[in-house]
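K.L.:
This is the structure, below, for whatever I ask next.
Please treat every number below as a calculation from the coordinates, not as lab data. Just so it is clear, the structure is predicted and the values come from calculations on it, not from any experiment. Ideal geometry is used to build each Cβ from the backbone, glycine not excepted, and the neighbour counts take in all protein chains shown.
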Amino acid sequence: MSSTGRSTHEGFTAEERAAMKDHAKELKAAARRGSQADKAAEAARDVVAKIAEMQDSDRIMAERVHAVVTAAAPVLAPKLWYGMPAYALDGKVVCFFQSAEKFKSRYATLGFSDQAKLDDGPMWAAAFALTEVTPEVEARITELVKQAVS
């Protein structure tokens, strides 16, 4: 609150509103799809298409993350989530890639939802900044994703 007692909060940012619109479109598209197999195949194509739309550095990282996640945990189903590539177990998002461009951030993020089994004592990381996906980063993503679905 300001000194006059009025809040300076002006609601959602344009990027946040766009993400919510993306999510509404995703839900409508999922409702229109036919069989479970059709839904899964179409959702996977949507993820690949969304990755292809990203700017170069984000796209390169998202392609690697997609490859690593799908190889490390084939049980996870690719889907879009608020306009971001995500990977779900039984329809619930476990992890996702957020491009730096989407929210005008300094770095891309690999995030995990509360569905991920990353618990490590009373506190643990649920998101990781990504500036490059090196072989070491790929190995760490593999470990995290396998733990998340264990």
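K.L.:
Within the stretch 69-83, how many residues are in contact (Cβ under 8 Å) with a residue 60 or more places away in the chain and under 24 Å from Lys104 (Cβ atoms)?
P.N.:
Number of matching residues: 2.
K.L.:
In this structure, does Ala148 turn out to be more than 26 Å from Ala24 (Cα to Cα), crowded, with 21+ Cβ neighbours inside 10 Å and hydrophobic (A, V, I, L, M, F, W, C)? Even if it seems obvious, please write down each step before you answer.
P.N.:
Details: more than 26 Å from Ala24 (Cα to Cα): yes; crowded, with 21+ Cβ neighbours inside 10 Å: yes; hydrophobic (A, V, I, L, M, F, W, C): yes.
Considered against the rule, which asks whether it is more than 26 Å from Ala24 (Cα to Cα), crowded, with 21+ Cβ neighbours inside 10 Å and hydrophobic (A, V, I, L, M, F, W, C), Ala148 comes out as yes.
Okay, residues lined up against (1) farther than 22 Å from Ala19 by Cα; (2) surrounded by 21 or more Cβ atoms within 10 Å (Cβ to Cβ); (3) among the aliphatic types (A, V, I, L, M):
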| position | (1), (2), (3) |
| --- | --- |
| Ala67 | yes, no, yes |
| Ala88 | no, no, yes |
| Arg106 | no, no, no |
| Asp119 | yes, no, no |
| Trp124 | yes, no, no |
